[in-house]
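Everything on this sheet refers to the single structure shown next.
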Amino acid sequence: MRRVLARNGLALPADHAARARRAASAWQLRHSLSFYDALYLALAESLNSPLVTADARIARAQPEHPLILPILHSK
């Protein structure tokens, strides 16, 4: 994205460019996660950090994702 902007003579501060990349990543997940949840996953990906969640929907939606670490509830 940054290259496209640079080619067109535009520049975004790094902070805005990073947000745009996370939003684009989240948009790609729109069929399996809400955009809100997908933003958390995109942030985890950009930080190369696990997304620890008690939300079973996120874990079910992306069961093979290496950064999603579900917290299992015992009843």
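The values are calculated or read from the model by the stated rules, or taken from the named source; none is laboratory data. Please read these numbers as outputs of a predicted model, since none were measured by experiment. No Cβ is skipped: glycine too gets one built from the backbone with ideal geometry, and neighbour counts run over all protein chains shown.
Using the structure shown, decide if S32 is closer than 27 Å to P66 by Cβ, at pLDDT 80 or above and not in a helix (DSSP H, G or I).
Here the answer is yes, as S32 does meet what is asked.
Scan segment 28-75 residue by residue and report those that are among the aromatic types (F, W, Y) and exposed (fewer than 10 other Cβ atoms within 10 Å of the Cβ).
The one that is among the aromatic types (F, W, Y) and exposed (fewer than 10 other Cβ atoms within 10 Å of the Cβ): Y36.
Residue by residue through segment 42-75, note down the ones that are touching a helix residue (DSSP H, G or I) at 6+ places or on another chain (Cβ under 7 Å) and among the hydrophobic types (A, V, I, L, M, F, W, C).
Once the filter is applied, which keeps residues that are touching a helix residue (DSSP H, G or I) at 6+ places or on another chain (Cβ under 7 Å) and among the hydrophobic types (A, V, I, L, M, F, W, C), segment 42-75 yields A42, L43, L51, I58, L67, I68.
Taking interchain pairs and intrachain pairs at least six residues apart, which have beta carbon atoms under 6 angstrom, with the first residue in segment 56-67 and in contact (Cβ under 8 Å) with a residue 24 or more places away in the chain and the second surrounded by 14 or more Cβ atoms within 10 Å (Cβ to Cβ) and part of a helix (DSSP H, G or I)?
Here the result reads I58/D37; L67/A44, each pair linking segment 56-67 to a residue that is surrounded by 14 or more Cβ atoms within 10 Å (Cβ to Cβ) and part of a helix (DSSP H, G or I).
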